[in-house]
1. Out of the residues in region 1-17 that are out of contact with any Asp or Glu (no Cβ under 9 Å at 6 or more places or on another chain) and touching a residue at least 40 places away in the same chain (Cβ under 8 Å), which is farthest from G28 (Cα to Cα)?
2. How many residues are out of contact with any Lys or Arg (no Cβ under 9 Å at 6 or more places or on another chain) and of a type in the set (G, A, S) if we restrict to region 28-42?
3. Here is a list of conditions, (1) at pLDDT 80 or above; (2) under 16 Å from E8 (Cβ atoms), and L43 meets all of them except one; can you say which number that is?
4. Pairs only if they're at least six apart or on different chains, beta carbon under 8 angstrom, first in region 46-58 and under 13 Å from R9 (Cα atoms) and free of Cβ contacts under 8 Å to residues at least 40 places away in the same chain, second open to solvent by 40 Å² or more (accessible area, probe 1.4 Å) and in a helix (DSSP H, G or I); list them, first residue then second.
5. For residues in region 5-19 being out of contact with any helix residue (DSSP H, G or I) (no Cβ under 7 Å at 6 or more places or on another chain) and open to solvent by 50 Å² or more (accessible area, probe 1.4 Å), which is nearest to D65 (Cα to Cα)?
6. Pick from region 22-42 the residues that are in contact with a helix residue (DSSP H, G or I) (Cβ under 6 Å, 6 or more places away or on another chain) and in contact (Cβ under 8 Å) with a residue 24 or more places away in the chain: which of them is farthest from D65 (Cα to Cα)?
7. Filter region 23-71 down to the residues that are open to solvent by 60 Å² or more (accessible area, probe 1.4 Å) and among the basic types (K, R) and list them by number.
Amino acid sequence: GAELKAGERALEIGCTPGGALYALLRRGLQVWGVDLNAPDARLLSQFPDRLTFIKSPMEFALPSDPRSPRE
């Protein structure tokens with residue numbers, strides 16, 4: 001029931017294969033995905049400016065990582 005708006009930010013932990021990423025990206029969100037496996041390569045090529053993938057187990061994904069979402 002969350003109302004998602006273009007330009008908002010989302011973090012998805014356990015983001016593969018990428019279905020939820022795709023839904024968020026289609027709605028215009030800036031998305032960070034964390035997983036050990038890469039999401040579908042088509043997402044990375046279709047949304048290079050709004051999708052940031054962090055290859056990491058979730059317990060090692062640190063806010064200090066330069067790829068992490070910022071305030």
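1. Initially, region 1-17 is screened for residues out of contact with any Asp or Glu (no Cβ under 9 Å at 6 or more places or on another chain), giving 1-11.
Adding the requirement that they be touching a residue at least 40 places away in the same chain (Cβ under 8 Å) leaves 9, 11.
Details: R9: 9, L11: 14 Å.
Only one residue fits best here, namely L11.
2. Total meeting the criteria: 2.
3. (2)
4. L51/L44
5. Going through the qualifying residues, I end up with L11.
6. Residue satisfying both the conditions and the ranking: P39.
7. R26, R27, R42, K55, R67, R70
The values are calculated or read from the model by the stated rules, or taken from the named source; none is laboratory data. What you are looking at is a predicted structure, and each value in this text was computed from that prediction instead of being measured. So basically every Cβ, Gly included, is an ideal-geometry build from the backbone, and we count neighbours across all protein chains shown. Please note that ligands, DNA and RNA were not included when accessible areas were found on the heavy atoms of the full protein model with its side chains. Shrake-Rupley method; radii C 1.70, N 1.55, O 1.52, S 1.80 Å.
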